[in-house]
Structure formats: C-alpha cells, structure tokens
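Q: Input: one structure, supplied below.
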Amino acid sequence: MSAESSSTSRTGGWPGPGHPPAAKEVTMVHKQSLAQLLDEGRRKIQVTDEELTEAKRRRTLLAASVRRAFPGSTTYFNGSVAHGDANTPLTDVDLGTVLTKKDAEPYGPGKKSALTLMEIARDAIHEDLDDEFPKLTIEVEGRRRAVLVRFGDPVTPGQADFTADVMTAIPHPSGRGLYIPNTKIATQWDRADPITHTRMVLQAIEETKVVFARTVRLLKHWNGTHSKPMCSWNIKALSLNCLDEPMPLINALRVFFTYAADEIGKGPTPDPAGVAGPIPLNMPRPEVHNRLRTARKYIDLAIEHEKNGRPGLAQHALHQVLPELVAKPDATEEEADRLGQAARAGAPATSGLGLVTGVVTPTRTRAWGE
C-alpha cells in the first residue's frame, strides 16, 4: 500500500449565462492512519516464510546432531525464531542441548568447563552437515557461551552468511533452569532458564493475539536505528510485564515506552524467570532512560495529532521513532503553517522534539540524548 492515495472529483459553478462550467479537478489526499502505517511498517521487516522454513530446517539438522552426540539429551529452541519475533534479513538461529543428569555429573561450577562438550558438538555437526554445506565452519575456541556454526550459505538472498549458536547446557541441581557455559568467568558456568523464557514469550503472543510479537518486531527495529541501547532480550523481558492483552500497535508502543522508561529509571531489568541475574544494557542507564522517554514523547505526540485530525503531523512524529519504516510525510502548506504556529507559540507538544519546519531529521542510526 502506498503512503498516500488520491481520488478526483469535479466541481465548478456557472461563470456566466449561457456558459457551461469549466471542469476543475480537485485532488483529495487520503493520509494513512497510525494503525495503517504501523501495520505496513511491521510487514516490511517481518521474516518471510521462505527464510523461516529454511532456518527451521537447519535448526532441526543441528538438533539431531547434538542429540546424537549426547544420547538421552533433550534439545530446546530459543531466540527470535523460536519466539516468533524474527525480522528480515534473518541471519541466525539459536538452540541448545541439555545433558542427562548422569552425563552432566563431571561438569558445572567447581568442576569441568563446557569446552569438552562444545568440541563434541562441533565434531558431530561437522560429520552430519559437511556434505550439504561444504563451506561450513565451526568455532569453539574463545566462544563465551555457545558453539558458533557458520553455514557459508545465507537463508536471505544478499546476506553474507547464516549462523547458529548451539549451546551445551546441564541441568541445575535445584531443578529450576540450567547451567549454561560462560568461559569468561572463573566458575565457567552461569545459571539461566531459556526454556522458561521461550514458554513465557509464546504465552504472551497467544494472550495478546500476536500483538506481543508484532510490537517486539517494531521495538527491535527502533532499537537498531537508535544506537542499540538495549539487547533484544531486555526489550522482550520488559514487554512481558506490560503487554498482556490485545491492543492497537500504537497503544502497545506507548505502553512499552512508558513502562520501560519507568523501569529503566529505577534500575536494571530482572530476569523474568527469576533465575539469572539482571539483564545488562548496551550503554549507561541514564542514556537508555533518555532514549525511552524521548520515544514515548514522540508516540504521545503522534497519538495527539491523530486525535485532533492532523494525520500528516502524526506521521511526522511516528517517523521520528521508526524512521526507516514510516516515511517522512511531504509537508502541505497547511501542515507547514501548523508547524510554524506551534513553533512560534512555543507549544509544549512540539518544543524539544524537533518538530519545527526546516529542521532536517536524520533517518539512519540515531543517538537521542547525546
């Protein structure tokens, strides 16, 4: 669907007796609603069926290899493909294997590291997949948590490659969660619960009738175009606590940015499963907090403009949050006049948000608050 569509009508009056009216064309421009803009935007980045099918096929091949390498083990899937919020281009997939309690006995904090397990997984994957993927390479040395599989063959045309993180985990003695590798710390193992994480995300998708996944896709794109202040899991962890019912996408964005700004302002995001430690940020917390607050102000402004019959300005505000998904609208004379009036009057709704005629707004990576 294009950003704008037009219809044409003919109007006119009798210029004088005996003279037929001159036909005059009037173009009626129909602006898209925020709902339409967001729906169109999320479709632009939604992973394709072809990408997803091939990614899942390769994930299944890897799962079969590690189960063969560790008889009796179970496999689990996590990450964006498992969580139903993958964007295109699709570049990776995540999975893990959990050893039986008996096989896990030599491993864990104070015992052996996962290096031997990672090497066993590497060898099994090479045996099973080298013939189909002749450019396959697998990295173990220096890897923090998982074996890195490079297929040498992308699932998205035009991409450099497609990779997989394959984790070798062991059961936690408490029965809650797992011990997963962490070669960068002295104990060599961290506690986590990726299985519960996936279950919680899928439940949220069901309860919100897919709004959760669609919102997360948009939020991950926002994150990527604004200096990546947060990791994807932090976005999802916060979303789990505030997106719990169906709602329009614009409302979901407002709910998230409001809640996330408040929570990040208080401190780090806790693990939703209550097992692992707090989720780290990619930059200092005050800067992340500022980006979230700024995004919330733009979303509020977009909603306010739409409510008051200013669709062009609503789109302009939404463009600030999702610059590569929502086009910057062409300013009509009427909209430019509104902007000018607001700027001259120092209206609170626009001051400090960059919505002043003549201001050039970048559409690539942003760094709000810097």
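The values are calculated or read from the model by the stated rules, or taken from the named source; none is laboratory data. Every value quoted in this text rests on a predicted model; they were computed, and no experiment measured them. Note: ideal-geometry Cβ built from the backbone for every residue, glycine included; neighbour counts use all protein chains shown. When the accessible area is computed, the model is the full protein with side chains, heavy atoms only, and any ligands, DNA or RNA have been set aside. Shrake-Rupley method; radii C 1.70, N 1.55, O 1.52, S 1.80 Å.
Q: Subtract the Cα-Cα distance of Asn308 and Glu119 from 0.36 nm times their separation in residues, and report this length gain in nm to one decimal.
A: Details: separation 189, 0.36 × 189 = 68.04 nm, distance 6.19 nm.
Full extension from Asn308 to Glu119 adds 61.8 nm.
Q: Any idea what log10 I(q)/I(0) is at q = 0.24, 0.28, 0.29 Å⁻¹ for segment 135-179, Debye with uniform C-alpha scatterers and no solvent?
A: After summing over all Cα pairs, the log10 values are -0.83, -0.96, -0.99.
Q: Could you work out how much longer the chain between Asn282 and Lys209 gets when fully extended? Use 0.36 nm per residue separation minus the Cα distance between them, nm to one decimal.
A: Values: separation 73, 0.36 × 73 = 26.28 nm, distance 3.04 nm.
Full extension from Asn282 to Lys209 adds 23.2 nm.
Q: I've got another one for you. If ligands, DNA and RNA are left out, what is the accessible area of Asp92 with a 1.4 Å probe, given in Å² to the nearest 10?
A: Asp92 exposes around 60 Å² with every protein chain in place.
Q: Write down the accessible area per residue of segment 149-229 in Å², having rolled a 1.4 Å probe over the full set of protein chains. Walk me through the numbers before you get to the answer.
A: Working: 3320 Å² over 81 residues.
Computed with neighbouring chains in place, this is 41 Å² per residue.
Q: Another one. Which shape class applies to segment 125-235: rounded if a/c is under 1.5, otherwise prolate when a/b exceeds b/c and oblate if not, where a ≥ b ≥ c are the square roots of the Cα gyration tensor eigenvalues? Intermediate values should be presented prior to the final figure.
A: Values: a/c = 1.72, a/b = 1.12, b/c = 1.53.
Oblate.
Q: Right, something else. Do any trypsin sites (Lys or Arg not before Pro) in segment 193-260 lie in a DSSP loop with no more than 13 other beta carbon atoms within 10 Å, and if so, which? Don't skip to the end; give the middle numbers.
A: Values: sites: Arg199, Lys209, Arg214, Arg217, Lys220, Lys236, Arg254; in loops: Lys209.
Answer in residue order: Lys209.
Q: Between Asp131 and Thr183, what is 0.36 nm times their sequence separation minus the Cα-Cα distance? Round to one decimal in nm. Walk me through the numbers before you get to the answer.
A: Numbers: separation 52, 0.36 × 52 = 18.72 nm, distance 3.05 nm.
Contour length minus Cα-Cα distance gives 15.7 nm.
Q: Starting from the 7 Å offset along Cα-to-Cβ, what nm value, one decimal, do you get for the label separation of Met247 and Lys111?
A: 4.6
Q: Using a 7 Å offset from Cα along Cα-Cβ at Ala35, what residues in segment 234-272 end up with backbone N under 15 Å from the label point?
A: 246-253
Q: If I ignore ligands, DNA and RNA and count only protein heavy atoms, how much of Thr116 is accessible to a 1.4 Å probe, in Å² to the nearest 10?
A: Its accessible surface works out to 60 Å², give or take rounding.
Q: If you take the square roots of the eigenvalues of the alpha-carbon gyration tensor of segment 173-242 and sort them as a ≥ b ≥ c, do you get rounded (a/c under 1.5), prolate (a/b over b/c) or oblate?
A: Values: a/c = 3.82, a/b = 1.43, b/c = 2.68.
The shape class here is oblate.
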